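All remarks here apply to the structure that follows.
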Amino acid sequence: MERKSGKGFILIELVTTLILIGVIGAFAGLFLYSGVNGYIASRRNSEAALKAQIALDRISAELRALKPSPAPTFAPRRITYQNDLGTGNRTLEIENGPQGPGIYLTVGGGKFLLLDNVPVETAQIAYTATRDLDNENNDNEVESIRVSFRMAGLESPFAVEIYPRALINAP
């Protein structure tokens, strides 16, 4: 009986090799997919947080410079006021506006989007009134204004507490 040489692969060895390469490739693809998804989610959250911070900075600048006269008017998601940054009435509101749900600033008849993807039901503009800050007339003044909201797709809430420079009589 003549023996064959040991050169080459037999069919079982080839199939086993292909299965092992497939399993290793599947796990490598899964790890790569998870890493890419994590990076994309992190980048999206970071961009949203940056946009929210820029909007909060603008809102802070707007409301810090409130003029006491005429007195600002407050609603649950709106404040109409005048400030030192320009003339005429300005309105900061959280609504379903022309560009979708978001935070809008109306100045001189033009409505500008400060931040998009803010569902109206998750947002609020409120003030805290303190009894007689100026020790005159026993009236209430606005101590601070709080703007809070959540962005669609993000769990973390965003908020800013603004302390106006001027004494504003509470409505």
Counting only residues that are of a type in the set (Ser, Thr, Tyr) and out of contact with any Asp or Glu (no Cβ under 8 Å at 6 or more places or on another chain), which one in segment 82-114 is modelled with the lowest pLDDT? Thr87
Which of (1) without any contact (Cβ under 8 Å) to a residue 12 or more places away in the chain; (2) more than 25 Å from Ala49 (Cβ to Cβ) is the odd one out, the single condition Thr130 does not satisfy? (1)
Name the one entry in Tyr163, Tyr81 that is farther than 30 Å from Ala41 by Cβ, surrounded by fewer than 18 Cβ atoms within 10 Å (Cβ to Cβ) and either in contact with a helix residue (DSSP H, G or I) (Cβ under 9 Å, 6 or more places away or on another chain) or free of Cβ contacts under 8 Å to residues at least 12 places away in the same chain (or both). Tyr163
Selection from segment 108-123 of residues that are surrounded by fewer than 17 Cβ atoms within 10 Å (Cβ to Cβ), out of contact with any Ser or Thr (no Cβ under 8 Å at 6 or more places or on another chain) and in a strand (DSSP E or B): Gly110, Lys111, Leu113
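The values are calculated or read from the model by the stated rules, or taken from the named source; none is laboratory data. Computed from a predicted model, the values in this text were never measured in an experiment. Cβ: placed from backbone, ideal geometry, glycine included. Neighbour counts: every protein chain shown.
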